[in-house]
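In what follows, a structure is listed as structure tokens, so that the remarks can point back to it.
The values are calculated or read from the model by the stated rules, or taken from the named source; none is laboratory data. On a predicted model such as this, the values are computed, not experimentally measured, just so you know. Glycine also receives a Cβ, built like all others from the backbone with ideal geometry; neighbour counts cover every protein chain displayed.
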């Protein structure tokens, strides 16, 4: 039995809920679309990682893309919400995925 990627699912929920909150507070349809798209990709990536711990590529691509985009938005705006929060969470996901890649495979 494989371990469930709870951190990945939590990250996906954070990203999707950020898009929903952006829509509710500011009426931003692009925020809603991007949040739901990237949240769905992150959720599917967490599912893939839960099935096979070596299958991290979708999670890695999603969190890397969001780290870059939201990191630039945070750099330009200096606003913690939402750009700084998502950039920070994305960097933490990248660190988690990188640490998982460095672990030695377990012997059966």
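Points worth noting:
- With respect to (1) surrounded by fewer than 18 Cβ atoms within 10 Å (Cβ to Cβ); (2) more than 20 Å from residue 103 (Cβ to Cβ); (3) over 15 Å from the mean Cα position of the chain (by Cα), the lone exception for residue 53 is condition (2).
- Flag: residue 28 matches the condition of being surrounded by 14 or more Cβ atoms within 10 Å (Cβ to Cβ) and in contact with a helix residue (DSSP H, G or I) (Cβ under 8 Å, 6 or more places away or on another chain).
- Which numbered condition residue 58 misses (of (1) at pLDDT 95 or above; (2) farther than 18 Å from residue 13 by Cβ): (2)
- Only residues that are surrounded by fewer than 22 Cβ atoms within 10 Å (Cβ to Cβ) and within 9 Å of the chain's Cα centre (by Cα) were counted across segment 8-25, and they come to 4.
- Close pairs (6 angstrom Cβ cut-off, 6 or more residues apart or separate chains): at negative phi and surrounded by 10 or more Cβ atoms within 10 Å (Cβ to Cβ) in segment 94-108, outside any helix (DSSP H, G or I) and at pLDDT 65 or above anywhere: 97/56
- Complete set of residues in segment 60-76 that are touching a helix residue (DSSP H, G or I) at 6+ places or on another chain (Cβ under 7 Å) and closer than 23 Å to residue 22 by Cα: 62, 63, 64, 66, 67, 70, 71, 73, 74
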